[in-house]
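Structure first, then comments.
Only the coordinates and a few stated rules stand behind these numbers; no lab work does. Note that the structure is predicted; figures quoted are calculated from it, not measured. With ideal geometry, Cβ positions are generated from the backbone for all residues, glycine too; neighbour counts draw on all protein chains shown.
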Protein chains: 2
Amino acid sequence: MPTASRTVTGYGSELPAHWPAGLLPPRLAGLAVETPFLACDLGIVQDRLAALRAALPGVGVHYAVKCNPSPEIVATLATAGAGFEVASLGELRILLDVGVPGDGVLYSNPVKPVRHIRDAAAAGVWRFAFDSENELRKIAANAPGAAVYVRLRVDDSLSRFPLGRKFGAEAHAARELMLLARVLGLEPYGVTFHVGSQCTAPAAWRSALAGAGTLMRRLRADGVSLRMVDVGGGLPARYVDPVPPIEDYGRVITTALDDVLPYRPETVVAEPGRYLVAESGVLVGSVIGREERAGEEWVYLDVGVYHGLMETQQMHSDWDYPLWTSRRRHAEEPRLPFTVAGPTCDSADTMFVATPLPAALGVEDLVMIGSAGAYTLSYASGFNGFPPPTPVFV
Amino acid sequence: MPTASRTVTGYGSELPAHWPAGLLPPRLAGLAVETPFLACDLGIVQDRLAALRAALPGVGVHYAVKCNPSPEIVATLATAGAGFEVASLGELRILLDVGVPGDGVLYSNPVKPVRHIRDAAAAGVWRFAFDSENELRKIAANAPGAAVYVRLRVDDSLSRFPLGRKFGAEAHAARELMLLARVLGLEPYGVTFHVGSQCTAPAAWRSALAGAGTLMRRLRADGVSLRMVDVGGGLPARYVDPVPPIEDYGRVITTALDDVLPYRPETVVAEPGRYLVAESGVLVGSVIGREERAGEEWVYLDVGVYHGLMETQQMHSDWDYPLWTSRRRHAEEPRLPFTVAGPTCDSADTMFVATPLPAALGVEDLVMIGSAGAYTLSYASGFNGFPPPTPVFV
């Protein structure tokens, strides 16, 4: 039920002044697609991968498929030689369908359904994360001889989306578990952690790596050498406010790998998601209603919280998506603070408040939501009969 | 990626002691479906419709499709002679596909995409809600001559999900708008309101109807008689704690229709969703992990917040889904407080805390989530590669 068929032209030139040149999606101009749609520039994904590799030499990149499981994104990264990290058998199947072999895939969800372990192992996956004895026993029974990497609980308070207590073994337990892995016929292969999503403090990796280093030293005393350190995800994308450049993260992580680990394992990997794909995407919606409600200006779009903008519900007041409109060509136009809502009858379907937008914004105008390539389509639904945005790739 | 194929037998007899006999889904016993699945007993939907009609004689029932748009539910209600209320052209198409004629459908979303208005009118819909001049003009231009009903803003503070400021015209504006409707060639047809979803205070309808009555009196002085009063949605379902019986709502609404309206319009309707379908559904998941985290007991299911249990994120501490397990047959088994989480890597994917469940609960056990027929499938996604529950109807 898209609401408008429109040629989107030239909004690249209407981007906010601070929009980094590298984030401009000029190849998205000229698309004729009904709104809502999510346009992704695959060239930006390639550029991001190259930038990450330059910043983290010797570190393997395993894309976190959950962030945006579109086959086009996956194929682009696979062609560029990236590896992958999956949270489920469902994600593994997306990879297998585009020809990614299972043996390069990390299965990093610490708690896995038994059948997913078994079927993933049958598809060639040989490395599995875990953080408990129960999980170790599930892996030993369903993927005998597999290599396992323990997920350490680390301080994630510096991230926007801390991952809390749901996952992670305490340091003292991690050593015991790795020794148990050996007893169970598994290979005690590596260590991982997650500093939390959208982490704007590179130092978080240094503390987390220090914890990994402590575990490695203890295990070496037990006669166990680890072959992998996995620094997890959390590398941020730019939304409105600047985030530290990737070089800062590269410097901190590279230095910490040398400083705080007792030895350098043969494999060091990262599991970026948001950093690689968020800024490649622009979500384009149409204004379906413009109203004044109790003295406030409201616009209603044909895309909302349940159709890709779920993360607006979790954002802090100082983190928002960049917004611009098809009226931006009138640069002198006065602006007003708007509440921006989605199309459903649900009041929770309200994405932005007090957002300055052109005063004349009206029905059929377009609203562009930048940095929308990550964690949007991956949990979009068709609530209230409004379809998720159509993905478009250039 | 279902995780277990299992015959679910006899959990009907394991329901909590307070479970009302009418909510037992005995016909769901014996199903062999892979988890997660959402089993709906269509007989319960029919019973609920009958109970509502008995409680509200003379009030037409228009099911709120957004609540659960499954064609099986829609067809069951259509066969029983119910009407429908839609939030979008997408929902209207679901109705048309099962043979429901457009002319019995109310289009109650107050803010609609232009194309949805036009295509709905072409499909025979002739009654549209609105709450602003802009919307009136959209309707006049795209569904000329349509009948319009104004959505009044009312006190929704007694509901679990107040709908806030997103929708609704103030009383003084409503009269002006209805007069403008006539000027624009539309029929000023009716008045509606929404007391908020899961409203446990029947008196909320009396106050809201009093507001509608005031509008009707003012409009009568302007020479306008309304043909419809629509008392909206909000009738609650039972989750864990009891809610007032439907007869209480029937009594309050029926009395108020006589007491507070200046006249009885030819058409009085209600738009129930949750009341009709919530208790018809049981969501069945499997335990995929059992862990101790920082001294707390956790179970991880193969279904979570993003696969149907979104409302757990919005529930107050005193409203929860009823839970029971395949271990309930051991009635004497000791219990422990559990945190119950979904299968994804997202820590927000945690549904219940401090929920007493059998101490021995372990991997492959089943967990049943009752009253799961409403607002579950309608915003389920496949986040992290875990599919939404399979719908099953008996």
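Values computed for the structure shown
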quantity	calculated
Enumeration of residues in region A:275-294 that are more than 10 Å from chain B (Cβ to nearest Cβ) and either part of a strand (DSSP E or B) or farther than 21 Å from A:Ile246 by Cβ (or both)	A:Gly281, A:Val282, A:Leu283, A:Val284, A:Gly285
Residues that are more than 19 Å from A:Gly273 (Cα to Cα) and crowded, with 19+ Cβ neighbours inside 10 Å, drawn from region A:223-251	A:Leu226
Residues satisfying the stated conditions in region B:74-94, i.e. in contact (Cβ under 8 Å) with a residue 12 or more places away in the chain and within 14 Å of another protein chain (Cβ to nearest Cβ)	B:Val74, B:Phe84, B:Glu85, B:Val86, B:Ala87, B:Ser88, B:Leu89, B:Glu91, B:Leu92, B:Ile94
Residue within region B:332-350 that is of a type in the set (A, V, I, L, M), within 23 Å of the chain's Cα centre (by Cα) and more than 7 Å from every other protein chain (Cβ to nearest Cβ) present	no
Residues of region B:223-239 that turn out to be in contact with a strand residue (DSSP E or B) (Cβ under 9 Å, 6 or more places away or on another chain), assigned to a loop (DSSP other than H, G, I, E, B) and not small (Gly, Ala, Ser), as a count	7
Search result, residues across region A:30-70 that are away from chain B (no Cβ under 14 Å), part of a strand (DSSP E or B) and aliphatic (A, V, I, L, M)	A:Leu31, A:Ala32, A:Val33, A:Leu38, A:Ala39, A:Val61
Enumeration of residues in region B:58-82 that are farther than 18 Å from B:His194 by Cα, under 17 Å from the mean Cα position of the chain (by Cα) and not hydrophobic (A, V, I, L, M, F, W, C)	B:Asn68, B:Pro69, B:Ser70, B:Pro71, B:Glu72, B:Thr76
B:Ala201 buried (at least 18 other Cβ atoms within 10 Å of the Cβ) and more than 24 Å from B:Val105 (Cβ to Cβ)	yes
Hits in region B:131-150 (condition: of a type outside the set (Gly, Ala, Ser) and facing chain A (nearest Cβ under 10 Å))	B:Asp131, B:Glu133, B:Asn134, B:Glu135, B:Arg137, B:Lys138
Test set (1) more than 11 Å from every other protein chain (Cβ to nearest Cβ); (2) surrounded by fewer than 24 Cβ atoms within 10 Å (Cβ to Cβ); (3) among the small types (Gly, Ala, Ser); (4) under 20 Å from B:Gly308 (Cβ atoms) - B:Ala359 fails condition number	(4)
Residue satisfying condition, being within 29 Å of the chain's Cα centre (by Cα), hydrophobic (A, V, I, L, M, F, W, C), more than 13 Å from chain B (Cβ to nearest Cβ) and surrounded by fewer than 18 Cβ atoms within 10 Å (Cβ to Cβ), within set A:Val394, A:Val367	A:Val394
Selected residue (only one of A:Val282, A:Val287, A:Val252 is within 23 Å of the chain's Cα centre (by Cα) and touching a residue at least 60 places away in the same chain (Cβ under 8 Å))	A:Val282
Count of residues meeting criterion [of a type in the set (A, V, I, L, M), in a loop (DSSP other than H, G, I, E, B) and within 10 Å of chain A (Cβ to nearest Cβ)] in region B:301-314	0
Checking A:Ser207 against (1) over 16 Å from A:Val260 (Cβ atoms); (2) in contact with an Asp or Glu (Cβ under 7 Å, 6 or more places away or on another chain); (3) assigned to a helix (DSSP H, G or I); (4) not β-branched (Val, Ile, Thr), the condition it does not meet	(1)
Condition check for B:Trp298: surrounded by 17 or more Cβ atoms within 10 Å (Cβ to Cβ), in contact with a strand residue (DSSP E or B) (Cβ under 8 Å, 6 or more places away or on another chain), touching a residue at least 24 places away in the same chain (Cβ under 8 Å) and at the interface with chain A (Cβ under 10 Å from one of its Cβ atoms)	yes
Some residue of region B:328-338 being in contact (Cβ under 8 Å) with a residue 60 or more places away in the chain and surrounded by 18 or more Cβ atoms within 10 Å (Cβ to Cβ)	yes
Test: residue in region A:251-274 that is in contact with a helix residue (DSSP H, G or I) (Cβ under 7 Å, 6 or more places away or on another chain), closer than 28 Å to A:Pro144 by Cα, in a helix (DSSP H, G or I) and among the aliphatic types (A, V, I, L, M)	no
Selected residue (criterion: nearest to the other protein chains (Cβ to nearest Cβ)) from residues of region A:95-117 that are surrounded by fewer than 18 Cβ atoms within 10 Å (Cβ to Cβ) and hydrophobic (A, V, I, L, M, F, W, C)	A:Leu96
Condition check for B:Thr325: more than 14 Å from every other protein chain (Cβ to nearest Cβ) and polar (S, T, N, Q)	yes
